[in-house]
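Encoded as structure tokens, the structure appears first; notes follow it.
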Amino acid sequence: MLTLKDIQTEYAFTATEGSIACADGSINMMALGGYSEVIRLFDVRKKKDLGELAGEHNGSITCLQFYKNKFLISASEDSKIIIWRCKDWNPLHKLIIKNTSKVISMSLHHSGKMLLALYDNGVLRLWNMMEARCNYKKKMGLVEEVEEGAEEKEDSDLDLEITEVTKKDLNDLERKPIIVKWEPSKGVIYAVLYNRMLEIYDPSVTANGDKPCASAIFDSTVVSFDYISATSIVVTDTEGNLIVIKNIEHDENLDLHIFRTKFSKIRELKTSYNRQLDQFEYITGVTLDSKVPIWYCSTISNFDQDLEELKPNKVIKSKWRLTCMCINNLKDFKPHAKKKKEKNVKKAEVKKENTEKK
């Protein structure tokens, strides 16, 4: 597991003249996108600029995601989702919809076969990446109508629930979806974050796959979220709090905790998940005051003091305004290539010994 003491600022460079809106990385590769309609590519291990991808998107780049250093998926304001092949950077497929609406969030399943895309008009689409077509779509944030003939609640029940906020009590802005993410380890469930609400879906439950299996409504506006385990989620709000939600599989077992931080606002949260060890290592974010706080996932999971300050395990300070982030695990860089190199060295030594004997 990575020791946070080893983390330090390696180098900095000017990636683009305009503002950077999104970033993603995979092992040594990193892609940046923003308002210049261009995707910049870098090799962070060699600290080398690999060039740029342009001419396919019309509008700002809004989302980027790699798949095993083989493919890069990009989305923009023109509602296009393009699949690039990293080998030669050719655009293989374009996922296009009729009603133009910018892509505000997307999440690729760890199998690489399914892509969830969330559009600005509130529509969530499930794309089949093997056939490049949409298998499912749904308008998110709608309030379900009460069934006719439902029995009225007793006065005692109404008195008990008078302070409880429900989905229908939120306005359209508060019910606007902003982020969607697959759970990275098992990939069975996915979560949709709204401005004041979180919903968890389990598509494997056919009888209830169209309805959330669990949901939570927050007192303040939320900004970002990510997973710290297969059954736990961390959400950050505009006041800099961390909201930890455990047992997300079912509404009845939902366990919510709120922890304070010393940061005014955390723009984005991302978790480092080690697939080889099947381990959630740490979660980090970028703050409004240009800091990068880092917590071990185990630290957040074991912290149980509600409304108390949860101190980060490490904080990195930056001189520049931070807008987004990505995580690259460079320690897993081409392990097979290293083994082949060691074998070739041994063969060369053996060959040299044999020639000397002759």
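FYI, it's all coordinate maths here, none of it is from the lab. If you're wondering where the values come from, they're calculated on a predicted model, not measured in any experiment. Cβ: placed from backbone, ideal geometry, glycine included. Neighbour counts: every protein chain shown.
Quick notes on this structure:
- Going from the residue with the fewest nearby Cβ atoms within 10 Å to the one with the most, ILE83, ILE228 rank ILE83, ILE228.
- In this structure, the residue pairs whose Cα-Cα separation is over 21 Å, taken from LYS80/LYS168; LYS46/LYS186; LYS80/LYS139; LYS68/LYS246; LYS47/LYS102, are LYS80/LYS168; LYS46/LYS186; LYS68/LYS246; LYS47/LYS102.
- Average 1/r across all pairs of distinct alpha carbons in the stretch 69-130, invert it, and you get the Kirkwood radius: 11.9 Å.
- Using the Karplus relation 6.51 cos²θ - 1.76 cosθ + 1.60 with θ = phi - 60°, the per-residue 3J(HN,Hα) values for the stretch 166-178 come to 10, 4, 6, 7, 8, 7, 4, 5, 5, 9, 7, x, 10 Hz, with x marking Gly and Pro.
- Going from the fewest other Cβ atoms within 10 Å to the most, the residues THR9, THR231, THR238 appear in the order THR9, THR238, THR231.
- Listed by Cβ neighbour count within 10 Å, with the fewest neighbours leading, TRP182, TRP320 appear as TRP320, TRP182.
- Computed over the stretch 170-282, the Cα gyration tensor eigenvalues convert (square root of 5λ each) into semi-axes of 21, 19, 12 Å, ordered from largest to smallest.
- Alpha-carbon centroids, the stretch 258-328 and the stretch 1-63: separation in whole Å: 20
- Evaluated at q = 0.13, 0.28 Å⁻¹: base-10 log I(q)/I(0), Debye formula over Cα of the stretch 276-325: -0.38, -1.05
- Proximal charge balance of ALA230 [Cβ under 15 Å; K/R count +1, D/E count -1]: -3
- Remark on MET325: its backbone amide H falls under 5 Å from those of ALA23, a criterion applied only to residues 5 or more positions apart or on other chains, H modelled at 1.01 Å from N.
- Rg and Dmax over the alpha-carbon atoms of the stretch 1-108 stand at 14.5, 50 Å.
- Trypsin sites (Lys or Arg not before Pro) restricted to DSSP loop in the stretch 12-77 with at most 16 other C-beta within 10 Å: ARG45, LYS46, LYS47, LYS68, LYS70
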